[in-house]
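See structure below.
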Amino acid sequence: MRSVADHRAAVAALFPDRRTVSVPVPDALGAVTATEVTAPIGLPGFDNSAMDGYAVRATEVAGATATAPVRLAVAEDIPAGRTDHLVLAPGTAHRIMTGAPLPDGADAIVPVEYTDAATDIVTIADAVETGRHIRRAGSDIEAGERALSAGTRLGAPQLGLLAALGLADVEVFHRPRVIVLSTGSELVAPGNALAYGQIYESNGPMLAAAAVEAGADARHVHFVPDDPSGFLARLDEISGDADLIITSGGVSAGAFEVVKEALTTTGGVEFVKVAMQPGMPQGAGHIRSTAGRDVPIVTLPGNPVSALVSFEVFLRAPLRAAMGLPPERERITVPVAADIRSPRGKRQFLRGVLGTGPDGPTVDPIGPPSSHHLRYLAAADALIDVPVDTESVIAGTRVEVIVL
Ligand SMILES: Nc1nc2c(c(=O)[nH]1)N[C@H]1C(S)=C(S)[C@@H](COP(=O)(O)OP(=O)(O)OC[C@H]3O[C@@H](n4cnc5c(N)ncnc54)[C@H](O)[C@@H]3O)O[C@H]1N2
Ligand code: MOO
């Protein structure tokens with residue numbers, strides 16, 4: 001049997017080197033910058049008002065109080081969006097709105113609340129110091145400064161900054177397009193009635209969600225029955241648009257193992273047993289489309305827990321690395337709250353729940369080890385990584401845990 005580490009290396013080797021692409025900023029959510037982004041303009045781009053009010057010379061309103069207000073003629077209205085350069089003549093004020101350009105000569109803004117809001121002669125009942133409520137050009141970022149470092153994951157605020165800088169496109173690492181194809185003649189799409197012996201297809205949406213959660217551009221397509229020629233035809237259809245295909249099911253030892261049967265005939269995919277539980281039967285390689293495209297393919301076992309644990313163990317890290325993202329899952333070593341039995345010769349990834357004991361964090365194994373117990377997988381927030389040569393772990397022993 002192949003070790004987990006060796007199969008991990010085989011899967012990682014399928015991923016091509018990171019590729020840089022330029023994408024429109026609105027489409028870049030979740031991507032990682034491939035290069036540093038330098039501000040092409042300063043922000044703000046011009047001195048402007050931080051308040052709705054009146055642009056003044058601070059010295060001219062220095063003595064203003066409620067009982068001894070200052071009156072100034074309102075010479076201009078400056079709403080945001082005015083693009084002409086204005087000059088504030090001595091002894092006047094300009095009515096100005098938030099974000100509007102500051103007229104030359106003005107050095108402070110009196111908020112409208114401290115005035116009578118007049119449009120001809122404004123009565124100002126409070127003094128303001130020089131510079132008050134003015135947003136200076138370049139006070140957020142200067143043109144030529146670093147706006148984002150290379151390797152930044154683009155979330156909403158980063159996209160906002162890029163847009164504010166007037167950048168239409170951004171250089172990012174290509175996010176692999178992942179397509180998930182489930183196989184199984186027993187499968188029925190959720191929302192339809194089940195006949196006896198049928199089950200709802202859950203691996204497609206689950207694995208696509210796992211890939212999206214990892215950062216990839218992933219989707220699942222409608223499953224196919226256990227028919228090798230139909231399976232190969234579907235693979236060919238989806239291979240034009242995928243950087244990675246993940247299949248589920250049809251890779252173990254019985255009859256009607258559609259994935260193994262079809263891809264053993266075409267070649268290019270190696271089927272192996274990996275010394276782990278769940279997730280023993282695995283396959284990895286490339287398929288060649290009729291259009292001549294070689295697409296990496298990873299064939300996961302059909303048992304739902306096996307499929308998702310296999311994704312965690314083999315696919316999550318290389319997928320993230322391909323997009324410039326760190327592996328992200330934290331590994332901790334904590335005492336286990338109950339005894340564990342583990343199969344000889346297999347590295348076990350057991351579902352667990354993190355908790356707190358009298359001496360700090362602990363992990364509690366939940367559910368049986370067999371790989372159809374989706375319910376316990378859904379309740380777990382950790383995978384307990386039991387080494388291949390360990391057959392039993394006594395409660396209280398420290399174990400390595402992958403925090404989900
Ligand atoms: N004689 C042997 N039998 C099995 C072995 C073995 O070594 N010798 N390995 C077992 C192990 S371990 C696993 S894991 C499974 C893997 O089998 P396959 O990858 O061939 O998967 P299937 O047989 O197609 O399905 C297994 C199981 O999972 C259900 N399933 C499949 N696809 C989906 C889906 N998309 N959504 C929900 N559930 C799915 C399927 O109905 C089966 O119950 O083989 C063992 N057998
Ligand atoms: O390897 Mo299977 O994944 O144990 O059920």
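Quick notes on this one:
- Where Ala208 falls short, out of the listed (1) under 26 Å from the mean Cα position of the chain (by Cα); (2) in a strand (DSSP E or B): (2)
- Of the strands (runs of 3 or more DSSP E) lying entirely inside the range 51-122, the ones with 1 or more residues being surrounded by fewer than 19 Cβ atoms within 10 Å (Cβ to Cβ) and not basic (Lys, Arg) are found at 70-78, 108-111.
- Residue that is farthest from ligand 2 (Cβ to nearest atom), among those in the range 225-251 that are closer than 22 Å to Ala12 by Cα, of a type in the set (Ser, Thr, Tyr) and touching a helix residue (DSSP H, G or I) at 6+ places or on another chain (Cβ under 8 Å): Thr247
Okay, residues lined up against (1) buried (at least 17 other Cβ atoms within 10 Å of the Cβ); (2) closer than 23 Å to Ala322 by Cβ; (3) away from ligand 1 (no atom under 15 Å from the Cβ); (4) not polar (S, T, N, Q):
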site: His220; (1), (2), (3), (4): yes, yes, no, yes
site: Glu237; (1), (2), (3), (4): no, no, yes, yes
site: Asp243; (1), (2), (3), (4): yes, yes, yes, yes
site: Leu263; (1), (2), (3), (4): yes, yes, no, yes
site: Phe271; (1), (2), (3), (4): yes, no, no, yes
site: Ala284; (1), (2), (3), (4): yes, yes, no, yes
site: Ile287; (1), (2), (3), (4): yes, yes, yes, yes
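- Of all residues in the range 181-203 being among the hydrophobic types (A, V, I, L, M, F, W, C) and more than 9 Å from ligand 1 (Cβ to nearest atom), the one that is surrounded by the most Cβ atoms within 10 Å (Cβ to Cβ): Leu181
- For the residues Pro335, Pro278, Pro296, Pro318, the requirement of being of a type outside the set (A, V, I, L, M), more than 24 Å from Pro16 (Cβ to Cβ) and outside the structural domain of Ala380 (by the TED database) singles out Pro278.
- Qualifying residues in the range 351-383 (those that are within 14 Å of ligand 2 (Cβ to nearest atom) and of a type in the set (Gly, Ala, Ser)) - the one surrounded by the most Cβ atoms within 10 Å (Cβ to Cβ): Ser371
- Selection status of Gly30, assigned to a loop (DSSP other than H, G, I, E, B) and surrounded by 15 or more Cβ atoms within 10 Å (Cβ to Cβ): yes
- Pairing residues of the range 215-243 that are farther than 28 Å from Gln198 by Cβ with residues that are in a helix (DSSP H, G or I), at Cβ distances under 6 Å and at least 6 apart in sequence or on separate chains, gives Gly215/Arg320; Ala216/Leu319.
- Residues that are among the hydrophobic types (A, V, I, L, M, F, W, C) and within 16 Å of ligand 1 (Cβ to nearest atom) were ranked within the range 337-350; the one that is surrounded by the most Cβ atoms within 10 Å (Cβ to Cβ) is Leu350.
- Condition check for Gly184: out of contact with any helix residue (DSSP H, G or I) (no Cβ under 6 Å at 6 or more places or on another chain), under 21 Å from Gly302 (Cα atoms) and within 16 Å of ligand 2 (Cβ to nearest atom): yes
- Hey, Val11 over 30 Å from Gly99 (Cβ atoms) and either part of a helix (DSSP H, G or I) or among the polar types (S, T, N, Q) (or both) or not: yes
- Count of the range 163-188 residues, restricted to those that are in a loop (DSSP other than H, G, I, E, B) and polar (S, T, N, Q), is 1.
- Tally, over the range 252-261, of residues that are within 16 Å of ligand 2 (Cβ to nearest atom), surrounded by fewer than 18 Cβ atoms within 10 Å (Cβ to Cβ) and of a type outside the set (Ser, Thr, Tyr): 2
The values are calculated or read from the model by the stated rules, or taken from the named source; none is laboratory data. Source: prediction; values computed, not measured. Neighbour counts run over all protein chains shown; Cβ positions are idealised from the backbone, glycine included.
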